[in-house]
Structure formats: structure tokens, C-alpha cells
1. Going by what's in this entry, would VAL79 be described as in a helix (DSSP H, G or I) and either open to solvent by less than 10 Å² (accessible area, probe 1.4 Å) or of a type in the set (D, E, K, R) (or both)?
2. Counting just the residues of region 200-249 that are of a type in the set (Ser, Thr, Tyr) and in contact with a helix residue (DSSP H, G or I) (Cβ under 8 Å, 6 or more places away or on another chain), which one comes out surrounded by the most Cβ atoms within 10 Å (Cβ to Cβ)?
3. State all residues of region 151-167 that are closer than 22 Å to ALA117 by Cα and of a type outside the set (Phe, Trp, Tyr); if no residue qualifies, say none.
4. Go through region 272-289 residue by residue and tally those that are under 23 Å from LEU65 (Cβ atoms) and crowded, with 20+ Cβ neighbours inside 10 Å.
5. Of all residues in region 250-271, count the ones that are buried (at least 21 other Cβ atoms within 10 Å of the Cβ) and closer than 22 Å to ILE305 by Cα.
6. Any residue at all in region 93-109 that is of a type in the set (Gly, Ala, Ser), open to solvent by 10 Å² or more (accessible area, probe 1.4 Å) and within 18 Å of the chain's Cα centre (by Cα)?
Amino acid sequence: MTRPVTLFTGQWADLPFEEVARLAGEWGFDGLEIACWGDHLDPERVVEDDSYLRDRLDILERNNLQVHAIANHLTGQAVCDDPIDERHRAILPERVWGDGEAGGVRRRAADVMKATAHAAARLGASTVTGFTGSSIWKCVAMFPPVPDSMVDAGYQDFADRWNPILDAFDDAGVRFALEVHPSEIAYDYWSTRRTLDVMAGRKNFGLNFDPSHFIWQDLDPVMFLQDYAEHIFHVHVKESVRQLNGRNGRLGSHLPWGDPRRGWDFVTAGHGDVQWEPIFRMLNSIGYDGPVSVEWEDAGMDRLIGAPQALALVRGLGEIAPSAAAFDAAFSTGR
């Protein structure tokens, strides 16, 4: 099964979009999952400015790249988060941050996510990947004791804020793929189930599968793919490694990426604990034929080395395909 292999530009947004496109094209990527930050893509401008849209498309065309998905994780995070604080100011556009008043930040973030749906449609992309934020992520440690009513209210808050956004996605004919990830409303197997349940009936709401956070939580990414097959809209190739040794803890101890005292860390795909072959076999089994997007994150390897290495890994995994004939067919005598 041939799937386009794309590069997620989120970790490359310090470079001009044209430079990232040139690198990706030279390495042999099929396309880009374009991040809506840095100078890579301004979704509101795509909607409003035909010349800007044409410029983005021309850059892709010059480098023989396609776009199947765009990403707006940073703005999406502010839709539901509580509290809204200095962390958000650091990642949001100034027009979304405004005066920093929390309610206003959330409303403006929602408006930009609606625009992102229409930007994707204008670019010819079928999917927007991203985060939703969560008003109850702060409750994950369950102390002080968290009443069920508070958790229920958190999922309802998510539904209330995202259903109007998804109406705009319906209008644009585009899907939203939530990346299951710590700090989101869905961060593991069961929180994903509850998130899908509260969004029951929304055909344009699904998942961006990224196994890197499954590994350090001791979740089975293959089982996740099998059980949530119909909801898998997009796939990230990103990897993590466990570094548990009796001192290092899973929660990271407030230590920066790359610190050997962390209990886990991100590494270039192929250098950690993700078992990629079973994942790709399951992608074949569930019939996933969408893009697989390399998301490079590795404090111990230069991205100019890591990204092409990950691409080579994915190309090799792409050679795993269902056999055209049953392997035991030759056992028959033909009688």
C-alpha cells in the first residue's frame, strides 16, 4: 500500500518555509504537513489573500511536494486550556493573545481554528491536525481529590467549545485530527474513548496517531490502531525512548529534553522503543492509506541527519504489504 510520506514542518518553523520545502524535496519527501506558525502558513491570510495562497502553492510545486494536511496545534491548544498563562503567550500569534484575558484568548483561538479549516480546503488538504487543549489536564494527578462532576464538566466544556469549530470544518469539507497527547482532552486509551463518545456523530472529528507518547505510558500502539481504526485520520512517525533506571521517573522531573535524568525522551524514528513494523502491518490491516508524516524531535541528533534517516525508515516499512496470494495456496495439489 503506497502512502505519501510527508514532513511535519512544526519543528522547522525557525527556517523560512521555502528553505524547508527545498530540503524536503531534495531528501525525497512526497509532501509537507504544513505548520500554521513561523512564516510557514498563516491560515487567515490563506483565506483572505489569493496571492499569498498562490505563493504557498508555487513553493510546493517548485519542490515537487504535495499537501495533504496542515497543522495548527499551537492555536488549538488555547481553545480549552485552563489556565491561560505565559506559556500560551509564548506560542500564540499576537492577534490571538491580544490582552491575555483568558476568555478572549479562547474565543480568538476558536475563530482561527475555524479559519484553518477553510485554509486547508483552499490548499487542497483534507485534514487539519492539532491539539484541543483541556480544562481538566491539571486534574490528572487526582489531588486535591477530583470529583466526577469536575471531570464531566471538562468533557462538556470541550464539546461546547469544539462543536462550533467542527461546524466550520463541515462547511469547508475538511476533517480535524486530534493528536492524542499529554495536556489534551484525549491523552491515552480511555480518555480517547471518552472524547470520541462525547463527540459521537461528528464524522469529521478523528485522531492523529502518534505512538511516541504511547511508549512511555506503556500503552500498546498496535491495539490502539486496531480498536480505533475508523477514527485514524492521520499518522505521525515520531519516536520516544524509555530511560527508567530506578532514579528517572516517567513524569520527567521538570527536566529539559535531552537530559539523561529524564525517564523518557524523544529520539529520531528508528532509534527508540517504538516497534514500527507491527504498526505498519496494522496500518495495512485497517486499510489506512493516508499520509505518514515524519515529525522529527531529537535533542541528541541534528535534524538535517535525523529527518532523512526517518524518511529512509518509512520507505523501507512501506515495502511491507499484504501478499497477493495466500502463502499456503501452494500446498494444494490441485485435485
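The values are calculated or read from the model by the stated rules, or taken from the named source; none is laboratory data. Source: prediction; values computed, not measured. No Cβ is skipped: glycine too gets one built from the backbone with ideal geometry, and neighbour counts run over all protein chains shown. We work out accessible area using only protein heavy atoms, side chains counted, and drop any ligands, DNA or RNA first. Shrake-Rupley method; radii C 1.70, N 1.55, O 1.52, S 1.80 Å.
1. Details: in a helix (DSSP H, G or I): yes; either open to solvent by less than 10 Å² (accessible area, probe 1.4 Å) or of a type in the set (D, E, K, R) (or both): yes.
For VAL79, the condition - in a helix (DSSP H, G or I) and either open to solvent by less than 10 Å² (accessible area, probe 1.4 Å) or of a type in the set (D, E, K, R) (or both) - is met.
2. We begin by selecting, within region 200-249, every residue of a type in the set (Ser, Thr, Tyr); these are 212, 228, 240.
Remaining after also requiring in contact with a helix residue (DSSP H, G or I) (Cβ under 8 Å, 6 or more places away or on another chain): 228, 240.
Details: TYR228: 18, SER240: 23.
Taking the candidates together, the pick is SER240.
3. ASP157, ALA159, ASP160, ARG161, ASN163, PRO164, ILE165, LEU166, ASP167
4. The initial filter retains those residues of region 272-289 that are under 23 Å from LEU65 (Cβ atoms), namely 280, 283, 288-289.
Pick out the ones that are also crowded, with 20+ Cβ neighbours inside 10 Å and you get 280, 283, 288.
Selection size over region 272-289: 3.
5. First, the residues of region 250-271 that are buried (at least 21 other Cβ atoms within 10 Å of the Cβ): 262, 264-269.
Applying the additional criterion that residues be closer than 22 Å to ILE305 by Cα yields 264-269.
Matching residues across region 250-271 total 6.
6. At the first step, the residues of region 93-109 found to be of a type in the set (Gly, Ala, Ser) are 98, 100, 102-104, 109.
Filter once more, keeping what is open to solvent by 10 Å² or more (accessible area, probe 1.4 Å): 98, 100, 102-103.
Now narrow it down to the ones that are within 18 Å of the chain's Cα centre (by Cα): none.
Scanning region 93-109, I find no residue that is of a type in the set (Gly, Ala, Ser), open to solvent by 10 Å² or more (accessible area, probe 1.4 Å) and within 18 Å of the chain's Cα centre (by Cα), so the answer is no.
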